[in-house]
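The block underneath contains the structure these notes are about, expressed in structure tokens.
The values are calculated or read from the model by the stated rules, or taken from the named source; none is laboratory data. What you see is a predicted model; the values in this text were computed from it and never measured. Cβ: placed from backbone, ideal geometry, glycine included. Neighbour counts: every protein chain shown.
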Amino acid sequence: MTDEPRPRKILSLKNPPTRPLGPEPIRKAAPPPPPPPPPPQVFAWKCKPCGAGFNVGDQLADDVVIRCPACNAKIGQVADFRADPTPAKLRARPVKPAA
Ligand SMILES: [Zn+2]
């Protein structure tokens, strides 16, 4: 007796999917816009050694020594900042406000 294997029926899709099957890709929400940059800080003084800007508090006593917040240079006493004209030993120059 012959035992020939029967030809297999070939399956084919009539309408193949245009995209791979699976769940819909999740669309990522657009990232929130970056926060606006802070407004430029206005400094009344500029450190002579390094050029960093800083302010001298109005409520400070005259004998308080001001140091540069950036380079820590000893700039002068509060009284020197209040003198007009500023003494030459003061290691800072006044920042002229932009007109
Ligand atoms: Zn400095």
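Considering segment 74-99, the residues that are away from the ligand (no atom under 14 Å from the Cβ) and of a type in the set (K, R) include one that is farthest from P40 (Cα to Cα), namely K89.
This table checks each residue for (1) loosely packed, with under 10 Cβ neighbours inside 10 Å; (2) at pLDDT below 80.
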{"residue": "R8", "(1), (2)": "yes, no"}
{"residue": "L21", "(1), (2)": "yes, yes"}
{"residue": "I26", "(1), (2)": "yes, yes"}
{"residue": "P36", "(1), (2)": "yes, no"}
{"residue": "W45", "(1), (2)": "no, no"}
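Taken across segment 80-98, residues that are under 26 Å from the mean Cα position of the chain (by Cα), of a type in the set (A, V, I, L, M) and surrounded by fewer than 13 Cβ atoms within 10 Å (Cβ to Cβ) do occur, with at least one present. Of all residue pairs spaced 6 or more apart or on separate chains, none has beta-carbon atoms under 6 Å together with a first member in segment 48-70 that is hydroxyl-bearing (S, T, Y) and a second member that is assigned to a loop (DSSP other than H, G, I, E, B) and away from the ligand (no atom under 16 Å from the Cβ). So in segment 28-68, with the set limited to residues that are among the charged types (D, E, K, R) and under 19 Å from V95 (Cβ atoms), which one is farthest from the ligand (Cβ to nearest atom)? Filtering segment 28-68 for residues that are among the charged types (D, E, K, R) and under 19 Å from V95 (Cβ atoms), the one farthest from the ligand (Cβ to nearest atom) comes out as D58.
For C71, only one of the following conditions fails: (1) closer than 19 Å to K96 by Cα; (2) within 16 Å of the ligand (Cβ to nearest atom); (3) in a loop (DSSP other than H, G, I, E, B). What is its number? Single failed check for C71: (1).
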